[in-house]
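J.: The following block contains the structure, expressed as structure tokens.
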Amino acid sequence: MDVKQAQHAARSFLMGSIRCLEQRPLPDGQFEMLVAPAAVCAALSAEIGLKAIILKEGRTARGHVISDLFGSVSNISQDAIVKEVGLPRKQFERLLAVHSEAFVEWRYAYESDKLYVDFSFLTALASAIGAVADRLG
């Protein structure tokens, strides 16, 4: 995996998530918003961004579990991501655990009746991961 391409992909999926969350008015006064694609894209952005950091730190990683990937980055990078998100560590860890498998869960949203996503957190997480990856050079 090429690190620069991974970072570009992570940024692109984050932008895709944000665009999916745009409210589009419908003729009947309702609006549409692409919630499942937004969740999938934000989670995938976080996943790929973490993999880019892991590559920059000299290792490789596989899988879709965000908390496992987060645990694979250095403590310095973990601390930087938490700081960038702007939440207390315990709250960050709780939300990370809740969203850890968002990529897989939201890809198959139609199979579940109990899905949850905090877009403020998931978007902030993906953005923070991208910022930390950029600072690593």
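J.: Those residues that are part of a helix (DSSP H, G or I), farther than 20 Å from residue 63 by Cβ and in contact (Cβ under 8 Å) with a residue 24 or more places away in the chain, I need them from the range 84-102; list them, please. Show your work before the answer.
T.: Quick first cut of the range 84-102, residues part of a helix (DSSP H, G or I) only: 84-85, 89-99, 102.
Keeping just the survivors that are farther than 20 Å from residue 63 by Cβ gives 84-85, 89-92, 94.
If the condition is that a residue be part of a helix (DSSP H, G or I), farther than 20 Å from residue 63 by Cβ and in contact (Cβ under 8 Å) with a residue 24 or more places away in the chain, then 84, 85 are the ones that fit.
J.: Okay, next question. Step by step: first the residues of the range 27-59, then only those that are exposed (fewer than 14 other Cβ atoms within 10 Å of the Cβ) and small (Gly, Ala, Ser), then the one that is farthest from the chain's Cα centre (by Cα). Which residue is that?
T.: The selected residue is 29.
J.: Still on this structure, please answer the following. Spot the failing condition for residue 11; the list is (1) under 15 Å from residue 131 (Cβ atoms); (2) in contact with a Leu (Cβ under 6 Å, 6 or more places away or on another chain), and only one is missed.
T.: It fails just one condition, (2).
J.: I would also like to ask the following. Hey, any hits in the range 99-111 for a residue that's aliphatic (A, V, I, L, M), closer than 18 Å to residue 36 by Cβ and surrounded by fewer than 21 Cβ atoms within 10 Å (Cβ to Cβ)? Outline the logic, then answer.
T.: Within the range 99-111, the first condition is being aliphatic (A, V, I, L, M), and the residues that meet it are 102, 104, 109.
Next cut, closer than 18 Å to residue 36 by Cβ only: 102, 104, 109.
With surrounded by fewer than 21 Cβ atoms within 10 Å (Cβ to Cβ) added as a condition, the list becomes 104, 109.
Yes, the range 99-111 contains a residue that is aliphatic (A, V, I, L, M), closer than 18 Å to residue 36 by Cβ and surrounded by fewer than 21 Cβ atoms within 10 Å (Cβ to Cβ).
J.: Here are the criteria: (1) in contact with a Ser or Thr (Cβ under 8 Å, 6 or more places away or on another chain); (2) of a type in the set (A, V, I, L, M); (3) in contact (Cβ under 8 Å) with a residue 40 or more places away in the chain. Tell me which single one residue 55 does not satisfy.
T.: Here residue 55 clears every test but (1).
J.: Cβ-Cβ below 8 Å, separation at least six or inter-chain, first residue in the range 108-137 and over 25 Å from residue 76 (Cα atoms), second in a helix (DSSP H, G or I) and of a type in the set (Asp, Glu): which pairs?
T.: Matching pairs, first to second residue: 112/105; 115/105.
Every number here is computed from the coordinates shown, using simple stated rules; none is lab data. Just so it is clear, the model here is predicted, and its values are computed rather than measured. Note that each Cβ is placed from the backbone with ideal geometry, even for glycine, and that neighbours are counted across all protein chains shown.
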